[in-house]
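Accompanying notes for the structure given below.
The values are calculated or read from the model by the stated rules, or taken from the named source; none is laboratory data. As the structure is a prediction and not an experimental result, all values here were calculated from the model. Quick reminder, even Gly has a Cβ in these numbers, built from the backbone with ideal geometry, and neighbours come from all protein chains shown. Heads up: the accessible areas ignore ligands, DNA and RNA and are worked out on the full protein's heavy atoms, side chains in. Shrake-Rupley method; radii C 1.70, N 1.55, O 1.52, S 1.80 Å.
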Amino acid sequence: MRILNEKLKEAYDELDAFSYTISHDLKNPLSSIKSYSQILLRSFSLEPKAQHMVSRILTGAEKMQSMIQDVLSYSKAGQSQSEYKVVNMENLLNELKQELLVSHEDKDVEININSVEDIYGEETMVMQVFSNLIGNAVKYSKQANKPVVNINAIDHGNEIEYAIQDNGIGIDPSEQDKIFELFTRASDVDAFEGTGVGLSIVKKIMSKHQGKVWVDSQLNQGSTFFVRFKKPQVA
Ligand code: ADP
């Protein structure tokens, strides 16, 4: 069992390194495609049909660039070598709340941190988890009359569970498993910006923390995302 586990971990690490290298190496050729398309559009008087085609090349290259950036973030997620320690969740959540309120100040969003429990983890990764989950809660409820996000912590003895609840568009139960996969989005979210990487990063980090993430949601009735972390051990 131990040998198999080690082999599996090696295979995962190798896959991470592989996707990192590939996506990193794709950056330069892609930049050339982008730059030459921009030069063609800017400095040559192309006939309308050719102009349209070059614009399509540019849009495709830009989309690919952002996907490569996301693959890089995904393969880097969970690589932090910093120590695991007690994370002060009051500070972390308030910091995130302020950031999100500033970046969505156009909308009257309410973010309620109703209860807080410290957890045991690696701070940068924990920050990434909550930034993705609370960021999504705000993003996918922006069309509600009054977007409200509620954050609650529940003490389960050895573990701490966080629930992040929104009153947004919700997710059809038949699509709830696939949203945790890389580059996968629900079928009705074209109006919202995104590439479908955030939740795969959350899943990867939760697995590094020997924790878990899941969702409870109905279409048009909001969503609640749950994460469970180990509780700090009292000496
Ligand atoms: P992104 O938001 O960039 O598409 P994510 O990996 O964070 O990528 O989320 C994957 C998909 O899960 C989203 O495209 C959306 O369909 C669904 N989703 C995630 N969070 C929410 C939420 N709070 N409310 C409704 N749908 C959500």
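Looking only at region 205-235, count how many residues are open to solvent by 40 Å² or more (accessible area, probe 1.4 Å), under 18 Å from Val149 (Cα atoms) and not in a loop (DSSP other than H, G, I, E, B).
Number of matching residues: 2.
Take the residues in region 50-72 that are among the charged types (D, E, K, R) and free of Cβ contacts under 8 Å to residues at least 60 places away in the same chain; name whichever of them is surrounded by the most Cβ atoms within 10 Å (Cβ to Cβ).
Out of the qualifying residues, it is Glu62.
Just checking, which of Tyr20, Tyr36 is more than 27 Å from Lys203 (Cβ to Cβ) and either assigned to a loop (DSSP other than H, G, I, E, B) or open to solvent by 70 Å² or more (accessible area, probe 1.4 Å) (or both)?
Tyr36
Whether any residue in region 171-181 is within 8 Å of the ligand (Cβ to nearest atom), surrounded by fewer than 18 Cβ atoms within 10 Å (Cβ to Cβ), over 14 Å from the mean Cα position of the chain (by Cα) and free of Cβ contacts under 8 Å to residues at least 40 places away in the same chain is what I want to check.
Scanning region 171-181 turns up at least one residue that is within 8 Å of the ligand (Cβ to nearest atom), surrounded by fewer than 18 Cβ atoms within 10 Å (Cβ to Cβ), over 14 Å from the mean Cα position of the chain (by Cα) and free of Cβ contacts under 8 Å to residues at least 40 places away in the same chain.
When region 190-235 is examined, which residues are found to be among the charged types (D, E, K, R), over 13 Å from Val129 (Cβ atoms) and either within 12 Å of the ligand (Cβ to nearest atom) or modelled with pLDDT of 95 or more (or both)?
The answer is Asp190, Glu193, Asp216.
I'm trying to understand the selection: among the residues of region 1-17, which are open to solvent by 70 Å² or more (accessible area, probe 1.4 Å) and not charged (D, E, K, R)?
First, the residues of region 1-17 that are open to solvent by 70 Å² or more (accessible area, probe 1.4 Å): 1-10, 12, 14-15.
Selection gives Met1, Ile3, Leu4, Asn5, Leu8, Tyr12, Leu15.
Among the candidates Val202, Val197, which residue alone is over 17 Å from Glu123 (Cα atoms) and open to solvent by less than 40 Å² (accessible area, probe 1.4 Å)?
Being over 17 Å from Glu123 (Cα atoms) and open to solvent by less than 40 Å² (accessible area, probe 1.4 Å) holds for just one of Val202, Val197, which is Val197.
Suppose the filter is open to solvent by 60 Å² or more (accessible area, probe 1.4 Å) and either in a strand (DSSP E or B) or within 16 Å of the ligand (Cβ to nearest atom) (or both); does Ser131 pass it? I'd like the intermediate steps shown before the answer.
On the way: open to solvent by 60 Å² or more (accessible area, probe 1.4 Å): no; either in a strand (DSSP E or B) or within 16 Å of the ligand (Cβ to nearest atom) (or both): yes.
No: the conditions fail for Ser131.
Does Ile205 satisfy the condition of being under 18 Å from Val87 (Cβ atoms) and without any contact (Cβ under 8 Å) to a residue 60 or more places away in the chain? If you could, list the steps in order and put the result at the bottom.
Details: under 18 Å from Val87 (Cβ atoms): yes; without any contact (Cβ under 8 Å) to a residue 60 or more places away in the chain: no.
So Ile205 does not fit the description; no.
State which residue is farthest from the ligand (Cβ to nearest atom) when the search covers only region 145-161 and only residues that are part of a loop (DSSP other than H, G, I, E, B) and touching an Asp or Glu at 6+ places or on another chain (Cβ under 8 Å).
Taking region 145-161 as the starting set, the residues that turn out to be part of a loop (DSSP other than H, G, I, E, B) are 145-147, 156-158.
Narrowing the set further to residues that are touching an Asp or Glu at 6+ places or on another chain (Cβ under 8 Å) leaves 146-147.
Details: Lys146: 16, Pro147: 11 Å.
So, considering only residues that are part of a loop (DSSP other than H, G, I, E, B) and touching an Asp or Glu at 6+ places or on another chain (Cβ under 8 Å), the one farthest from the ligand (Cβ to nearest atom) is Lys146.
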